[in-house]
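The values are calculated or read from the model by the stated rules, or taken from the named source; none is laboratory data. Predicted model, so just to flag it, every value in this text is computed and none were measured. Reconstructed Cβ throughout: ideal geometry from the backbone, glycine too, with neighbour counts over all protein chains shown.
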């Protein structure tokens with residue numbers, strides 16, 4: 001262990017927001033969203049435990065008990081897996097609105113892991129943090145899915161399976177517009193809307209659409225993405241939960257989007273564009289659609305290939 005590593009007792013990391021599902025990849029496909037995120041400060045402590053000293057920036061109280069907090073559970077999983085003698089104390093600064101469909105619970109989890117990893121005698125590769133992040137995310141959503149975690153850990157567009165993360169190449173000029181209406185849609189409620197049976201033909205169509213989007217990203221062919229970026233499984237069941245969604249999606253498509261849908265569990269709406277200029281020019285129309293539904297909103301425009309979590 002180097003002297004510098006011996007003296008490292010505190011680290012801070014920032015994890016960006018994300019667009020989960022990306023319409024056609026429910027629970028397995030997501031991309032990073034630059035411009036907003038959570039920051040977590042982690043300190044090494046001699047006690048064999050994980051404790052949360054403070055959570056700031058949340059509109060309502062979040063659990064300070066480590067076993068009920070995504071970041072706390074992730075660090076507990078890290079401690080247990082690595083057999084660490086000491087523990088961690090953390091402080092969380094929320095920058096992502098709760099229940100926004102922007103991966104807020106995952107961001108705290110990933111930022112905590114990236115900061116804690118920097119304090120290890122031998123830091124792990126980002127991919128190796130994924131199982132710990134899955135354990136943390138399960139606390140918030142009730143399931144071990146990595147569509148938000150993957151892009152936060154690696155950056156860009158990521159295919160996240162149960163055991164691995166695969167970064168998908170995307171043309172650097174392609175941009176995402178994300179509009180977040182001032183409303184809250186809890187992930188668990190959004191998942192409840194998905195109960196029931198599905199037609200086999202819809203599964204086939206969704207698989208075809210996912211294949212088209214991935215092929216379009218790998219080849220830089222926007223026509224393939226336009227053909228495939230359509231959710232026939234989840235969006236129809238969740239759209240009624242998002243006031244103004246139909247008008248917002250229509251405004252995005254009228255503005256030239258390759259496709260548009262619900263970000264994560266909602267209520268945020270995302271759209272992919274071939275240029276930053278087109279995405280920025282369309283933002284006012286999408287926000288106007290939410291305004292017609294009585295909702296103020298915030299908008300972000302960033303590359304689909306945005307960076308993941310960073311040490312500060």
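Numerical summary
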read-out	value
Residues of the stretch 50-109 satisfying the condition of being under 30 Å from residue 262 (Cβ atoms) and in a strand (DSSP E or B)	55, 56, 92, 93
Residue in the stretch 173-195 that is in a helix (DSSP H, G or I) and without any contact (Cβ under 8 Å) to a residue 24 or more places away in the chain present	yes
Cβ pairs under 7 Å, 6+ apart, first in the stretch 299-312 and crowded, with 22+ Cβ neighbours inside 10 Å, second assigned to a loop (DSSP other than H, G, I, E, B)	304/170; 304/174; 305/156; 305/170; 305/172; 306/155; 306/156; 308/155
Counted residues, the stretch 212-241 - those being surrounded by fewer than 17 Cβ atoms within 10 Å (Cβ to Cβ), in contact (Cβ under 8 Å) with a residue 24 or more places away in the chain and in a loop (DSSP other than H, G, I, E, B)	1
Given (1) under 21 Å from the mean Cα position of the chain (by Cα); (2) in a loop (DSSP other than H, G, I, E, B); (3) modelled with pLDDT of 95 or more; (4) farther than 30 Å from residue 119 by Cα, index of the condition residue 307 fails	(4)
Residue match in the stretch 50-57 (condition: out of contact with any strand residue (DSSP E or B) (no Cβ under 7 Å at 6 or more places or on another chain), more than 23 Å from residue 162 (Cβ to Cβ), surrounded by 15 or more Cβ atoms within 10 Å (Cβ to Cβ) and at pLDDT 95 or above)	no
Residue satisfying all of: in the stretch 124-152; under 12 Å from the mean Cα position of the chain (by Cα) and in a loop (DSSP other than H, G, I, E, B); nearest to residue 105 (Cα to Cα) among these	148
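Per-residue answers, yes or no, for (1) within 27 Å of residue 134 (Cβ to Cβ); (2) surrounded by fewer than 19 Cβ atoms within 10 Å (Cβ to Cβ):
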residue: 152; (1), (2): yes, no
residue: 160; (1), (2): yes, no
residue: 171; (1), (2): no, yes
residue: 179; (1), (2): no, no
residue: 184; (1), (2): yes, yes
residue: 188; (1), (2): yes, yes
residue: 197; (1), (2): no, yes
residue: 203; (1), (2): yes, yes
residue: 210; (1), (2): yes, no
